[in-house]
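Below is one structure; the comments refer to it alone.
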Amino acid sequence: MKKQKHRILLVFSLVILLMMTACASNSAPPPAAPQSSEATDSTASEPQSEKWEPTRPVNIVVTASAGGMTDSVTRAMAKGMEASLGTNVQVVNMPGGSGQIATEYVLQQPLDGYNILGMSSDLHALPVLSDFKYTSSDFECCVVMSAKGVLSVPSESPYQNIEQLIEAAKGGNLKAAASQAGSIWGVKLVNFMDITGVELNKISYEGSAPSQVAALSGEVDMVLTGLSEQRDYILGGKLRPLAMIEKESVELEGYGIIPSLADLYPEMANMILPMQWVGLAFPADMPQNITDAYYAAFETALKSPEVSELSDTLGVPVVGLYGDEARELLTKLDSVTAWALYDSSIATTDPSTLGIPRP
């Protein structure tokens, strides 16, 4: 079984290389503002070749709760997009269902450009982990930033390193916090258990921020979220990072080296799932003039002070891919992620039934 996993998951390293090369507020969304019949008729009759100029605020519906990386990146992009779109861009958090609730909400809205998504690489796992049958080919995406997962414990924890935690976890009584089962951090936690052979009492939260609060309060023994999301807690001495759930260790300025899980299990390195990306998306069948307007807005926002400052604050690079480049990358990640989850028995849905080819 492990040989099969190695063959399938060996491609993860290639996907990460591809990504590196390509780079060289918790409430239901407000109801759509009522439109006059004149405005409705105007929108319906507007030629798609004309430039789209929104006449009211645009909503970005975020798949996660406020305070995490997906939310922070979305808010930075929203601010940077306003000048290009010529209107206010509002951020609405709609967590739940590993991103499925927000995604399906946006898909149910009219294709008028007024509702798009703030999302993450949860998109690649959802089709084989739930009844969500959409893949990245159903969306136009903008990959804004990437992130790496880290497993940490509260500073008062008795576990000083990952080996001690793994030994203690063999008893099956330790509690671990991560976001929902289909989210990238939820999947990575299962990936960690699969690689190490330990059983953890996994407790799901609606995003990284509440997951980290659970660890800080002592509600759980450990937490797995993004390093950029934990950075201030680590540097402030509130969380102790034990291992990057990635293929490479990381040197965190002001702290030191955080070892990789691959350092401890080198023979299992190719089983480690790829890093997370966060960004924006909207349905692929959006009218071309609206798509063009968003492409222009993405380009402006990616170069904005808000996104640059967030990149520096989080200590993560701006990837900045959209259009054909993003489509090529995300199609490969669809394939790699879905089949990795299926071959390791984390997912039960055969990716081929969804038209996702094996890597």
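FYI, it's all coordinate maths here, none of it is from the lab. Keep in mind the model is a prediction, meaning the values are calculated, not measured. Backbone-built Cβ (ideal geometry, glycine too); neighbour counts: all protein chains shown.
Of note:
- Database remark: amide H of residue 59 closer than 5 angstrom to the amide H of 90, 115, 116 (H placed geometrically; neighbours at sequence offset of 5 or more, or on other chains; Pro and chain starts carry no H).
- Extent of segment 149-271 along its three principal axes (Cα atoms, max minus min coordinate, largest first): 34, 30, 27 Å.
- Placing unit charges on the Cβ atoms of the charged side chains and taking the dipole of the chain about its Cα centre, the candidate lying farthest along the positive direction among 85, 293, 338 is 338.
- Charge dipole (debye, nearest 20) of the chain; +1 at Cβ of Lys and Arg, -1 at Cβ of Asp and Glu: 940 debye
- Only beta bridges with both residues in segment 149-271 are counted; by DSSP, about 60 percent of them are antiparallel.
- For residue 258, the residues whose amide H sits under 5 Å from its own are 250, 251, 252, ignoring neighbours fewer than 5 places away on the same chain, with H placed 1.01 Å from N.
- Whole-Hz ³J(HN,Hα) from phi, Karplus 6.51 cos²θ - 1.76 cosθ + 1.60, for segment 258-264, glycine and proline x: 10, x, 8, 4, 5, 5, 7
- For segment 325-330, 3J(HN,Hα) computed residue by residue from phi via the Karplus equation (6.51, -1.76, 1.60; θ = phi - 60°) reads 5, 5, 4, 5, 5, 6 Hz, glycine and proline entered as x.
- Mean separation of Cα contacts under 8 Å (6+ apart) over length of segment 141-269, as relative contact order %: 32 percent
- Over the chain, dividing the summed -39,500 (n - 2.57) contributions of all DSSP H runs of at least 4 residues by the number of residues returns a 222 nm mean residue ellipticity of -12000 deg cm²/dmol.
- Projecting the Cα atoms of 211, 322, 117 onto the charge dipole of the chain, computed from C-beta unit charges around the Cα centre, puts 211 farthest toward the positive end.
- Taking a point 7 Å out from the Cα of residue 163 in the direction of its Cβ, the residues of segment 246-279 whose backbone N falls within less than 11 Å of it are 264.
- Lys/Arg +1, Asp/Glu -1 at C-beta; the chain dipole; positive extreme among 262, 281, 150: 262
- Residue order for 222, 268, 81, fewest other beta carbons within 10 angstrom first, comes to 268, 222, 81.
- Global size of segment 149-220 as Cα Rg and Dmax, reported in angstrom: 11.4, 30
- Here 152, 98, 183 are placed in order of increasing Cβ neighbour count within 10 Å, fewest first, which gives 152, 98, 183.
- Under 10 Å, Cβ to Cβ, from residue 95 - net charge with Lys/Arg +1 and Asp/Glu -1: -2
- Rounded to the nearest whole Hz, the Karplus-based 3J(HN,Hα) values (6.51 cos²θ - 1.76 cosθ + 1.60, θ = phi - 60°) of segment 65-78 follow the sequence 6, 5, x, x, 5, 4, 5, 5, 5, 4, 5, 5, 5, 4, with x at glycine and proline.
- Computed over the Cα atoms of segment 238-359, the ratio of the radius of gyration to the Kirkwood radius (Rg/Rh) comes to 1.04.
- Largest-first principal axis extents of the Cα set of the chain (Å): 68, 44, 36
- Normalised by residue count, segment 79-238 yields a Cα convex hull volume of 133 Å³ per residue.
- Summarising the amide proton neighbourhood of residue 202: residues at separation of 5 or more, or on other chains, whose placed amide H is nearer than 5 Å comprise 176.
- Share, in percent, of DSSP beta bridges within the chain that are antiparallel, nearest 5: 60 percent
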